[in-house]
Amino acid sequence: MAQPLVKKDDDRDDEVDYSPFLGIEKGAVLQEARVFNDPQLDPRRCSQVITKLLYLLNQGETFTKVEATEVFFAVTKLFQSRDMGLRRMVYVIIKELSPSADEVIIVTSSLMKDMTSKTDMYRANAIRVLCRITDGTLLTQIERYLKQAIVDKNPVVASAALVSGIHLLQTNPEIVKRWSNEVQEAVQSRAALVQFHALALLHQIRQNDRLAVNKLVSSLTRGSVRSPLAQCLLIRYTSQVIRESTNDTQTGDRPFYDFLEGCLRHKAEMVIFEAARAITELNGVTSRELTPAITVLQLFLSSSKPVLRFAAVRTLNKVAMSHPMAVTNCNIDMESLISDQNRSIATLAITTLLKTGNESSVDRLMKQITNFMSDIADEFKIVVVDAIRSLCLKFPLKHRSLMNFLSNILREEGGFEYKKAIVDSIVILIRDIPEAKESGLLHLCEFIEDCEFTYLSTQILHFLGIEGPKTSDPSKYIRYIYNRVHLENATVRAGAVSTLAKFGAMVDGLKPRIFVLLRRCLFDNDDEVRDRATLYLNTLGGDGAVVETDEGVKEFLFGSLDVPLVNLNSLKNYDPSEKAFDINSVPKDVKTQPLAEKKATSKKPTGLGAPPHGPPSTVDAYEKLLSSIPEFASFGKLFKSSAPVELTEAETEYAVNVVKHIFDGHVVFQYNCTNTIPEQLLENVTVIVDASEAEEFAEVASKPLRQLPYDSPGQTFVAFEKPEGVSAVGKFSNMLRFIVKEVDPSTGEAEDDGVEDEYQLEDLELVAADYMLKVGVSNFRNAWESMGVDFERVDEYGLGPRDSLAEAVNAVINLLGMQPCEGTEVVPPNSRSHTCLLSGVYLGNVKVLVRLQFGLDGPKDVAMKLAVRSEDETVSDTIHEIVASG
C-alpha cells in the first residue's frame, strides 16, 4: 500500500501527497514485468511497470545478469505496440539497462527501422538509444543516417543526432570528426537548440586545434548566432581564445573584446550576464574595460528575478577582491539587498560591501548587519565574520566598533563552528592590532563565562596565558580565570589552573595571589586539577617565586612549546628509566604534506590552536649529530639545515639524497644513502665531490660510511670551508664510490673479496636561499616600523616577460628563500599590481624584512620595487645583490 509523503508547498503546507513508489520491492516489480508477454498488451499498465523499473534502477537497485536479460527480452516485445507513450518508455528502459553486445543485436533492427521512420518522435529517440548502446562496428553502418539526421529539418531529430555526437566523441572520435561539414551546416540553423548543440559539438571536434578554434570564433562573432544559448557558449569560447592570446594585457590589442562588449546590449538576459562575467574574468582587465560590465551588473541588482540578483551580486563579490574601487558605484544598490528575502543574496551583498566600503562607512554598515545576522544560518554568518575580520585588518582604527560587534554576536545563539570562527577572528585581531589586545582579551573573558563548548573555553584560557601577562593590567583577568575553577567541568578547570600558573610565573606582582588560589585547587575532586595545582605550586615555590634551580622545568611549563604535538608520538617509545625524557630529542619539523593536501589546505589566517609560524627548525637533531663527529665539532653553531635534495632517480640501484648544513664559515653535505640490492653489501662508501664550479669553497674534511647493507640507510659526510659570513654559491658534481661485495642469499654473509665501483649522482647547487631561515612575523607593519630606516635599501628591477604576476612573485620568493607574511604570496586573479611581504633571518642571525611591489610594465614585462630593512647594512646590500644577479 502506498505510504503518505509530506510535500512542501507554499499554498498547501498541511496537505498530504502520496508517492506510488514508496515501499515497492524488486521481486514484486519483476513479477509484474510479465505483463510485457501478454498477447493483448495494455500500454498504460506496461508504462507503469517500466516506470517502477526505472525508479528501482535510479535508486541504486542492482539487477543480476539473469534478471536484466529477462527484463530486456520482455521489453523488446513491446516494439509491436503502436502506442507512442509506451514506445518512449521502451527507449528509456533500453538505455538504462545497457544491454551487452550479444543482446544489442536483438533490438538493433527495430531501432534502425524506427530511425528511418516517418514519425519524428521515433527517429529522434531511436538515434539517442542506438548511439548509447552500439559499438564502433555498428556505428559505421548507421553513420550515413546520422549525418542526414544532423541536417534534418525537424529540430528534435537534429538535436538528438548532435547530442549523440557529443557523447560518441568520447568513445569514437575518428568517426564523429568526419561529420564536420554537416555540423557546420547545423550551426547556421534557425532552431535555437540545434544551433546550441551544433556549436558545442563543433568546438569539441576542434578543441585540440587552437588555430581552428580561433577561426571558428572569428567567423561566428560576426553575428551569425541567433540562439541565446549558443551565444552564451560562443562567449565562453571567445574568453578562452582571449586568455590564450599573447596580447591579452592591452585593450587595443585584445582580440574580440568589442564582441564581448557588444553582447552587453543583447536582448537576452543570460547573454548579457555571460558577457559581463567574461569581461570581469579577463586576465589583466583594466578599470575602463570593467566599467560597461559593472554597469549592467548594477542594473541586475534591482531586477525582480532572484536568480539575476544572485548572479550579479556574486560576480561583483569576486570583482571586489581584485578591483574594489570599480564596485563602489554599486554600493547603494547592494545596501538595499541586505534585506533581500533570499539570504544567499543578502550575505553576498554584505560581504561585498565590507570589501568595498571605506573607513567612514564602517559604522553605518555595522548597524545594518546587526539586524541582518539574526535572520541567517550559521554557514552564512561565518562568511560575514570572515569579511568583518578582513575589514578590521584593513582599517585598524575601527577596531573598537568591529571588536564590539564580534563580541555582541559571540554572546548570541550559535553553533560550534560559528562561535569558533568569531573567537579565531578576535584572536587574529589581538595579534595583529596591538591597540585591540586589552579589549579583545576582556571580550574573550566575558564569553567564557557562558561558553558551552569545552574546546573553545580551554583554547581561550591557553591564549589568555600567553597574551594576558603582557598587558598593562594583568590582574583584571584573574577573576575570570579563577571562576572557571569553580564553575566548569574538569577539563576546563585543569586549563584554568595552568593559565593561573602562567600569570604567577610571568607577573611578579601576582605571584603571592596566584599561590593562594592554587592552594585552593588542591582540594578539587578531579585528579588532573589537583596534580596540576601540586606541580605548579612546587615549581613556583612556597613564597610564590619561581624556583631558580630548574630552568628546564620552568621553560617547559611556562614557556612556549615549539615542538609540534604530532611529533610527541615518540613518548610512546620512551622506556621509563633513571634518565629523564629529553624534549630536545623530539623533531621540531612537521612532516611535509603531499601536494594534494597542500592544495586543500586553507589559506585563512591562523586562529586558536594554530599560533603564528615560528622558524622551521630541523636544526637541533642535526646539530647533535654533527657535533658528535670530531671532524666537524670545531665548526661552531649550526645555522640551518636544508630539506633533503634527491640526487638519484626513483627505483634505482642506490638511493641518495643530500642535506646541506650551513655554518658561519663552513658547509657540510650529509649524503643519506640506501642500498636497494639484496645481494650486495657496500663498504667504504664515500662521495667524491668536484667543486671546480664553486671557487670559493675548499674541501677540509670527509667521513666515509664503513658499511651499507641492503635496505639499511647510512650517512657519509663531506665538509667545505668558505669565507666566513659570506653567502657563497656554486655547483658541485658528485660521484658515489664504494667497494661492492656479493652476499650469499642462503647464509646472508658477504664474500671476502670485493670490487671497487662508482655511481654517478646528480649535481648539487648551493644557492643564496640556503643562507636564509624562513621566520615569520605576526604583524609585519609593526616589525617594519620597529626595524627603522637606518639600514634600509630600496631599488627597482625589471624582471622581464613572465606568464603572470603570480609567477614573478613566486620566483622572487624562491630566490630569496624567505617566509611570506600575512598571505601576501597569493596574487588575486586579474591583478596588474601586487605587494608581497617577506621576513627571515640571514646567516649570522640577522633579521631581514622585505617589501616587494610588483607591477605589469607592458604586455608581459614585470617591474619590481624592492625595499629591504635589516639589522645590518651589509645584509640589506646582499639581498639586493641576490636579486640583481638572480
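The values are calculated or read from the model by the stated rules, or taken from the named source; none is laboratory data. These numbers come from a predicted model, not from an experiment. Here the Cβ positions follow ideal geometry from the backbone for every residue, glycine too, while neighbour counts run over all protein chains shown. To get the accessible areas, we keep the full protein, side chains included, count just its heavy atoms, and leave off ligands, DNA and RNA. Shrake-Rupley method; radii C 1.70, N 1.55, O 1.52, S 1.80 Å.
About the Cα centre of the chain, what is the dipole size in debye to 20, counting +1 per Lys and Arg Cβ and -1 per Asp and Glu Cβ, all else neutral?
The calculation lands at about 5200 debye.
List, in the order given, every pair from K470/K847; K65/K95; K355/K394; K624/K703; K637/K722 whose Cα-Cα distance in the structure shown is over 18 Å. Write down the numbers at each step before the final one.
Details: K470/K847 23 Å; K65/K95 16 Å; K355/K394 9 Å; K624/K703 16 Å; K637/K722 15 Å.
In this structure, K470/K847 lie more than 18 Å apart at Cα.
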May I ask you to list the GluC sites (Glu not before Pro) in the range 325-396 that are in a DSSP loop and have at most 15 other Cβ atoms within 10 Å of their Cβ? none
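List the chymotrypsin sites (Phe, Trp or Tyr not before Pro) within the range 115-208 that fall in a DSSP loop (any state other than H, G, I, E or B) and whose Cβ has at most 16 other Cβ atoms within 10 Å.
Taking the range 115-208 and a limit of 16 other Cβ atoms within 10 Å, no loop chymotrypsin sites (Phe, Trp or Tyr not before Pro) are found.
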With every protein chain left in place, what is the accessible area of D450 in Å² (1.4 Å probe, nearest 10)? 130
Just the number, please: Stokes-Einstein D of the range 829-886 in µm²/s, Kirkwood Rh from C-alpha pairs, 25 °C, 0.890 mPa s. 195
Placed amide H near D857: partners under 5 Å, 5+ positions off or other chain: V862, A863
Positive-end residue, the chain charge dipole about Cα centroid, Cβ charges, pick of L53, P469, F405: L53
For the range 462-477, take each phi angle, set θ = phi - 60°, evaluate the Karplus expression 6.51 cos²θ - 1.76 cosθ + 1.60, and give the result in whole Hz per residue in order, putting x for glycine and proline. 4, 5, 4, x, 7, 8, x, x, 8, 7, 6, 9, x, 5, 6, 8
In Hz, Karplus ³J(HN,Hα) per residue of the range 122-134 (6.51, -1.76, 1.60; θ = phi - 60°; x = Gly, Pro): 5, 4, 4, 6, 5, 4, 4, 5, 4, 5, 7, 10, 8
Placing +1 on each Lys and Arg Cβ and -1 on each Asp and Glu Cβ in the chain, then taking the dipole about the Cα centre, the residue among N830, L97, V740 whose Cα reaches farthest towards the positive end is L97
Quick one: which residues, 5+ away or cross-chain, put their amide H under 5 Å from the amide H of V700? H built at 1.01 Å from N. A719, F720, E721
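Can you classify the range 635-766 as rounded, prolate or oblate using the Cα gyration tensor, where a ≥ b ≥ c are the square roots of its eigenvalues, rounded means a/c under 1.5, and otherwise it's prolate if a/b beats b/c and oblate if not?
prolate
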Within the range 701-753, which GluC sites (Glu not before Pro) sit in a loop by DSSP and count at most 13 neighbouring Cβ atoms inside 10 Å? E724, E749, E751
Note on the range 309-381: alpha-carbon gyration tensor, axes a ≥ b ≥ c; rule is a/c under 1.5 for rounded, else prolate if a/b larger than b/c, else oblate; result oblate
Taking the 0 to 90 degree range and rounding to the nearest ten, how far is the long axis of helix 378-394 tilted relative to the main principal axis of the chain, both from C-alpha atoms? 50
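What's the FRET efficiency of T652 with S804 using the Cβ-Cβ distance as r and R₀ = 45 Å, to the nearest 0.05?
So, using R0 = 45 Å, E works out to roughly 0.80.
My understanding is that a pair violates if its Cα-Cα distance is over 30 Å; which of K398/K420; K437/K774; K267/K367; K177/K860; K381/K774; K511/K640 do that in this structure? Can you show the working numbers first?
Working: K398/K420 22 Å; K437/K774 27 Å; K267/K367 39 Å; K177/K860 37 Å; K381/K774 35 Å; K511/K640 39 Å.
Violating the 30 Å limit, Cα to Cα: K267/K367; K177/K860; K381/K774; K511/K640.
For V846, V645, give me the order by solvent-accessible area with a 1.4 Å probe, most accessible first, ignoring ligands, DNA and RNA. Kindly include the intermediate steps, with their values, before the conclusion.
Numbers: V846 20, V645 50 Å².
Descending order: V645, V846.
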Only Lys, Arg, Asp and Glu count, each charged at its Cβ (+1, +1, -1, -1), so figure out the dipole size of the range 635-766 about its Cα centre, rounded to 20 debye. 860
Going by alpha carbons, how many degrees (0 to 90, nearest 10) lie between the helix axis of 306-322 and the longest principal axis of the chain? 30
Once both axes come from the Cα atoms, what is the angle between helix 43-58 and the longest principal axis of the chain, in degrees from 0 to 90, rounded to 10? 10
Averaged per residue, the 1.4 Å probe accessible area of the range 635-766, protein heavy atoms only, in Å², is roughly 50
Using the alpha carbons of the chain, what is the convex hull volume per residue in cubic angstrom, as a whole number? 284
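Put E261, E452 in order of accessible area, largest first, 1.4 Å probe: what do you get? Display every interim value, and only then the final one.
Numbers: E261 55, E452 135 Å².
The residues order as E452, E261, largest area first.
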May I ask you to list the aspartates and glutamates whose Cα is less than 12 Å away from that of K77, ignoring any residue fewer than eight positions away on the same chain? D38
Taking the Cα centre as origin and putting +1 on Lys and Arg beta-carbons and -1 on Asp and Glu beta-carbons, what dipole magnitude results for the range 370-467, to the nearest 20 debye? 420
Would you be so kind as to identify which of F79, P173, S390 lies farthest towards the positive end of the dipole of the chain, taking Lys and Arg as +1 and Asp and Glu as -1 on Cβ and the Cα centre as origin? F79
